[in-house]
Structure formats: structure tokens, C-alpha cells
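Here is the structure we will look at.
Rule-based calculations on the coordinates, nothing more; no lab input. Predicted model, so just to flag it, every value in this text is computed and none were measured. Note that each Cβ is placed from the backbone with ideal geometry, even for glycine, and that neighbours are counted across all protein chains shown.
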Amino acid sequence: MQRSNVTYWQCTVRPKRNPCKALVTQRNGKFVKNNVLHNHSPSTGSDIATKVTLQVKKLAAQDLFKPASAIVDDVLLKEMGNAPCPSLPKPAGQDLQAKALYKSLVTPEINLSQFRFHYR
């Protein structure tokens, strides 16, 4: 939420019942938290989940022709290995995010010489 030179950052844990009201105000580059504490415990691995999501989007923007599922698999293996992470979105969701990013970046002006055609 943003008003003039102030940005309000609210906790993303917002169920319909009992949403978390923790808030941080950003004004002129300074951050000030409100008096309300989070009403929930931190989700395990949320830092890794955020890192994976950002990395998937970054790589998807760099290589528009690599399948989104391959990008997601590469990032998950690199960042996590076999470790479980309950906060991580499902790979199918990550895949959809990458595909949506592709759609927003691909324009009709893309040079067709970038494509390889396989005839059978």
C-alpha cells in the first residue's frame, strides 16, 4: 500500500479470520514497525522459498526458450537438494509463474531465427 511518500508494508499472512496486523512504515528510506506483533509463528523455510521464487523468475527472463519446468527443476536442485521445505510453493505453481513471466516478456517482434524447427 503506498500513499505519497509513505509505503506501508503489511505481513503477508492474511487469512480471512484473524489476519496478522503486523505493519512496517517506510518513509524517506527509513523503516518503522508498528506496535503490533505477528500473531503467528514464522513459516519454516520462507527465506528459501522467496529465494527460489526470485531465482526462477530471473532465469525465466534470461532464457525465454528454456521450458519453465526445466528452470524450476534446476533452481530447486541447486537451492535445496533433497531437503524438505514446507513453505516452498508447489513446483507446478512455480512453473505457472515462469510461464506468466514468459508471456509478459515475449513480443511479436521476436526474431524467428531464434527458433529451431524440427521436421519429421
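A few remarks follow.
- Annotation: lysines with alpha-carbon distance below 22 angstrom to LYS78 (same-chain offsets under eight excluded): LYS51, LYS57, LYS58, LYS66, LYS90, LYS99.
- Set of the range 51-67 residues, backbone N closer than 11 Å to the point 7 Å along the Cα-Cβ line of TRP9: none
- Distant-in-sequence amide H partners of LEU23 (H built 1.01 Å from N, under 5 Å): ASN34, VAL36
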